[in-house]
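A.B. asks: Please find one structure pasted underneath; my questions will follow.
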Amino acid sequence: MASHYEAPIRKPLVLGDKSYHDVTVDIAAPIEGKANKSWWIAFSIALAAFIWGVGCIIYTISTGIGTWGLNKTIGWAWDITNFVWWVGIGHAGTLISAVLLLFRQKWRMAINRSAEAMTIFSVMQAGLFPLIHMGRPWLAYWVLPIPNQFGSLWVNFNSPLLWDVFAISTYLSVSLVFWWTGLLPDFAMIRDRAVKPFQKKIYSLLSFGWSGRAKDWQRFEEVHLVLAGLATPLVLSVHTIVSFDFATSIVPGWHTTIFPPYFVAGAIFSGFAMVNTLLIIMRKVSALEDYITVQHIELMNIVIMLTGSIVGCAYITELFIAWYSGVEYEQYAFLNRATGPYWWAYWAMMTCNVFSPQFMWFKKLRTSIMFSFFISIVVNIGMWFERFVIIATSLHRDYMPSAWTMFSPTYVDIGTFIGTIGFFFVLFLLYARTFPVIAQAEVKTIMKSSGEKYKKLRDAGKPLYQISTARPVIIEKGPITDDVLMGEEVPLKDDKVGLAELLDALGTFDPTKQEADNLQQIKGIGPQMEATLNQIGIFTFEQVARMTVKEYELLDAITESFPGRAQRDDWAGQARILNNKK
Amino acid sequence: MASKVIHAFYDDDDVLMHAVKKVRAAKHHIEEVYCPFPVHGLDKAMGLAPTRLAITSFLYGCVGLVVAIVMMNYMMIEDWPQDIGGKPSFSFVENMPAFIPIMFELTVFFAAHLMVITFFLRSRLWPFKEAENPDVRTTDDHFAMEIEIHGNEQELRDLLLDTGAVEINITEK
């Protein structure tokens, strides 16, 4: 079909000789396999940090905000710094899934799922800070415009803090439904592969009974397009409104009209850095290097470079406008940032955010995975300092020099921040083991245009598909009989009839002509399973390669060990590859 | 009532498209096609009407905007007008600039959520709903075309045999 055409100069987005089924197997693998040791180590560390954070939050709420390092001059410090930092990180997910969808950027498909997960988890962390800063979080519903016992006292709709309530909750909930509707077909894929009843139940619950009808897909695509159209201005509005928390005040250093675009660019900047941090690890751990390629990392690095440069322009504009305004308080606020007692925070911000992304002009550096990972961490740190500089250093020297002070965080401040990082990683690590981390249904749609296999076929002038003339198998199924329902037709353990049927399908092994293969080369077959297979009469890769769902089930019934193992590890596929290599 | 259906399985989206066009050209009604991923142009080839979800979303957005305006006018202007920071709330038009962020947010909130709820209800998707795809392979790499049989089993079989199907199932539904 002509619609699959893509210019040959574009590099493939899915590497390797992948068929549609290979995509399924690769993306289901992390969910169906077992967690390795490094996952458990990472999870334990994250959980410990999370529990430490919970302890700090409980202490804060039971004792009061006095447990933080705030004082009467600096009323906002780490809490709001962390809030803005986490909200900002969230922005990349929506940008990737919504804005890049509108621009028809196919490379988003490998990373949008995880980026959206990151959005949801980080906005959850962000939401915690205003909540605990309220002091009495059980009264949080007071921010909602609901009739109350105080007569007709309503919330103040003129306040940017209330705008924030609406913006963040709309953002979180819309991101969540955007993410979930996209997940339905992928959960359905996992559901249909699940062999254990419990998994099957859970994934059919999560997939909302997705069946993949043509009409459902038509609606699905429309819903995604409209949601992308809605989420694009939404994501821009969220950080705009967060910046209003500062920009609508009259505090020198906060009262800045360039805050909205400057904050949005900064949010995308920090968010892409976090996506890079997470995905560089995930592609390795979950063996997804064929989907999240170096090209993906390079493109994200370019976005980091661009948005980092916008942020740099904003910093310089701020300085210029402070000087040009002629307002001495404004001028002092910026002079104090760069040369006052918090100079180190200011220069850390400048180095990390303005200087470090400029390395990405060099192709060698932006295609280096180690370097990208390093810069992504640097940017995350830099963006935290940006918020700290804006918030704390603008407050610590106000109009009255006798009130000037410094901020030092208590262990509760630090613990709460570390706790949210722990919470974030707990959620992300659980996600990585239970959710399809790549939007596999979407990736399958670009296989023919951007998959390496099909690109090679096209370059060689070969057709991408052939209508096979082989006669299809015709199966006539009568109404389901009671025998099947009662499970009476399933062969029992060591059933001779079942064995004969299995070997009929797989072919028999002739020791005089053939040589037995080492079946343990197939992942999932151990010495014990090999012995069992040999006992049945299966000795070669060729035989294993012929196995289909029907044979797997027969085998499971006969051996009664590791049900579903063979299908999950795709023994037939593995055996085919091994047989070809022989 | 038990009716007989024929399921033709394909393992390639382009082959499926050819088959759909062929079956349609032979004036048979395609009951359904189950796909593992969206196939572009399939809805047109099958003769499905375009979806109106985008229109509903626009209408829901208008509802959200009206809700926001009515709510803020009632709460800030009519029910308890206050003078906050020297900016009295006695006129909706004069105070409106401060209401724009929430007007926007509620428009998006209504448009997005109500459209998704409409989608779930129209496509019959909700927790505990049983999946209805005829074969587990249709969420992996197979496409299933479902055609109802009305005493024309042999004719349909012959038609489907050389469309490149990998498997043809005839089942009671």
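A.B. asks: For region A:156-176, how many residues are among the β-branched types (V, I, T) and at the interface with another protein chain (Cβ under 8 Å from one of its Cβ atoms)? Give the steps one after another, and end with the answer.
C.D. replies: Filtering region A:156-176 down to residues among the β-branched types (V, I, T) leaves A:165, A:168, A:170, A:174.
Okay, now just the ones that are also at the interface with another protein chain (Cβ under 8 Å from one of its Cβ atoms), so A:170, A:174.
Summing the residues that are among the β-branched types (V, I, T) and at the interface with another protein chain (Cβ under 8 Å from one of its Cβ atoms) in region A:156-176 gives 2.
A.B. asks: Can you find even one residue in region B:78-86 that is open to solvent by less than 60 Å² (accessible area, probe 1.4 Å), at the interface with chain A (Cβ under 9 Å from one of its Cβ atoms), modelled with pLDDT of 90 or more and not in a loop (DSSP other than H, G, I, E, B)? Break it down into steps so the answer makes sense when it comes.
C.D. replies: So the first thing to find is which residues in region B:78-86 are open to solvent by less than 60 Å² (accessible area, probe 1.4 Å), and the list is B:79, B:81, B:84.
Checking the rest, the ones that are also at the interface with chain A (Cβ under 9 Å from one of its Cβ atoms) come to B:79, B:84.
Of the ones still in play, those that are also modelled with pLDDT of 90 or more are none.
Scanning region B:78-86, I find no residue that is open to solvent by less than 60 Å² (accessible area, probe 1.4 Å), at the interface with chain A (Cβ under 9 Å from one of its Cβ atoms), modelled with pLDDT of 90 or more and not in a loop (DSSP other than H, G, I, E, B), so the answer is no.
A.B. asks: Could you list, in sequence order, all residues of region A:283-305 that are open to solvent by less than 10 Å² (accessible area, probe 1.4 Å) and either in a helix (DSSP H, G or I) or touching a Lys or Arg at 6+ places or on another chain (Cβ under 7 Å) (or both)? Give the derivation first.
C.D. replies: Initial filter on region A:283-305 (open to solvent by less than 10 Å² (accessible area, probe 1.4 Å)): A:288, A:291-293, A:296-297, A:300-301, A:304.
Scanning region A:283-305 gives A:I292, A:H296, A:I297, A:M300, A:N301, A:I304.
A.B. asks: Scan region A:177-192 residue by residue and report those that are of a type outside the set (V, I, T) and within 10 Å of chain B (Cβ to nearest Cβ).
C.D. replies: A:F178, A:W180, A:L184, A:P185, A:D186, A:F187, A:A188, A:M189, A:R191, A:D192 - these are the residues of region A:177-192 that are of a type outside the set (V, I, T) and within 10 Å of chain B (Cβ to nearest Cβ).
A.B. asks: Which one of these is more than 22 Å from B:P36 (Cα to Cα), more than 10 Å from chain B (Cβ to nearest Cβ) and either hydrophobic (A, V, I, L, M, F, W, C) or in a helix (DSSP H, G or I) (or both): A:V251, A:V195? Before you say what the answer is, go through the steps one by one.
C.D. replies: Numbers: A:V195 fails: more than 22 Å from B:P36 (Cα to Cα).
Unique residue meeting the criteria: A:V251.
A.B. asks: Mind checking which residues of region B:111-150 are open to solvent by less than 20 Å² (accessible area, probe 1.4 Å), among the small types (G, A, S) and either more than 7 Å from every other protein chain (Cβ to nearest Cβ) or more than 21 Å from A:A228 (Cα to Cα) (or both)?
C.D. replies: Listed by number, the list holds a single entry, B:A144.
A.B. asks: Which one is farthest from B:K22 (Cα to Cα), of the residues in region B:142-167 that are touching an Asp or Glu at 6+ places or on another chain (Cβ under 6 Å) and part of a loop (DSSP other than H, G, I, E, B)?
C.D. replies: Per the criteria, the residue is B:H142.
A.B. asks: Moving on. Considering only residues of region A:163-206 that are buried (at least 20 other Cβ atoms within 10 Å of the Cβ), within 30 Å of B:N73 (Cα to Cα) and of a type outside the set (V, I, T), which is nearest to the chain's Cα centre (by Cα)? If you could, list the steps in order and put the result at the bottom.
C.D. replies: If we filter region A:163-206 for residues that are buried (at least 20 other Cβ atoms within 10 Å of the Cβ), which is where we start, we get A:163-168, A:170-171, A:174-175, A:178-179, A:181-194, A:203-204.
Those left that are additionally within 30 Å of B:N73 (Cα to Cα): A:163-168, A:170-171, A:174-175.
From the residues that got through so far, the ones that are of a type outside the set (V, I, T) too are A:163-164, A:166-167, A:171, A:175.
Numbers: A:W163: 27, A:D164: 24, A:F166: 24, A:A167: 22, A:Y171: 17, A:S175: 12 Å.
Once the filter is applied, the top-ranked residue is A:S175.
A.B. asks: Which of (1) assigned to a helix (DSSP H, G or I); (2) within 30 Å of A:D22 (Cα to Cα); (3) in contact with a Leu (Cβ under 9 Å, 6 or more places away or on another chain) does A:M370 not meet, given it meets every other one?
C.D. replies: (3)
A.B. asks: I would also like to ask the following. Assuming B:I170 fulfils every condition listed in (1) assigned to a helix (DSSP H, G or I); (2) of a type in the set (V, I, T); (3) facing another protein chain (nearest Cβ under 7 Å) apart from one, which condition is it?
C.D. replies: Going through the list (1) assigned to a helix (DSSP H, G or I); (2) of a type in the set (V, I, T); (3) facing another protein chain (nearest Cβ under 7 Å), B:I170 breaks only (1).
A.B. asks: Kindly indicate whether any position in region A:314-328 is surrounded by fewer than 16 Cβ atoms within 10 Å (Cβ to Cβ), among the charged types (D, E, K, R) and over 27 Å from A:W107 (Cα atoms).
C.D. replies: yes
A.B. asks: Follow-up. Here are the criteria: (1) of a type outside the set (G, A, S); (2) closer than 17 Å to A:W180 by Cα; (3) more than 7 Å from chain A (Cβ to nearest Cβ). Tell me which single one B:E94 does not satisfy.
C.D. replies: Unmet for B:E94, out of (1) of a type outside the set (G, A, S); (2) closer than 17 Å to A:W180 by Cα; (3) more than 7 Å from chain A (Cβ to nearest Cβ): (2).
A.B. asks: All but one of (1) more than 7 Å from chain A (Cβ to nearest Cβ); (2) more than 19 Å from the chain's Cα centre (by Cα) hold for B:T56, so report the exception by its number.
C.D. replies: Exception for B:T56: condition (2).
A.B. asks: Is it the case that B:H40 is open to solvent by 50 Å² or more (accessible area, probe 1.4 Å), within 20 Å of A:Q466 (Cα to Cα) and without any contact (Cβ under 8 Å) to a residue 60 or more places away in the chain? Talk me through it step by step, then tell me what you get.
C.D. replies: Numbers: open to solvent by 50 Å² or more (accessible area, probe 1.4 Å): yes; within 20 Å of A:Q466 (Cα to Cα): yes; without any contact (Cβ under 8 Å) to a residue 60 or more places away in the chain: yes.
Against the criterion (open to solvent by 50 Å² or more (accessible area, probe 1.4 Å), within 20 Å of A:Q466 (Cα to Cα) and without any contact (Cβ under 8 Å) to a residue 60 or more places away in the chain), B:H40 qualifies.
The values are calculated or read from the model by the stated rules, or taken from the named source; none is laboratory data. Bear in mind the structure is a predicted one, so any value in this text is a computation, not a measurement. Note: ideal-geometry Cβ built from the backbone for every residue, glycine included; neighbour counts use all protein chains shown. For accessibility, only protein heavy atoms count, side chains too; no ligands or nucleic acids. Shrake-Rupley method; radii C 1.70, N 1.55, O 1.52, S 1.80 Å.
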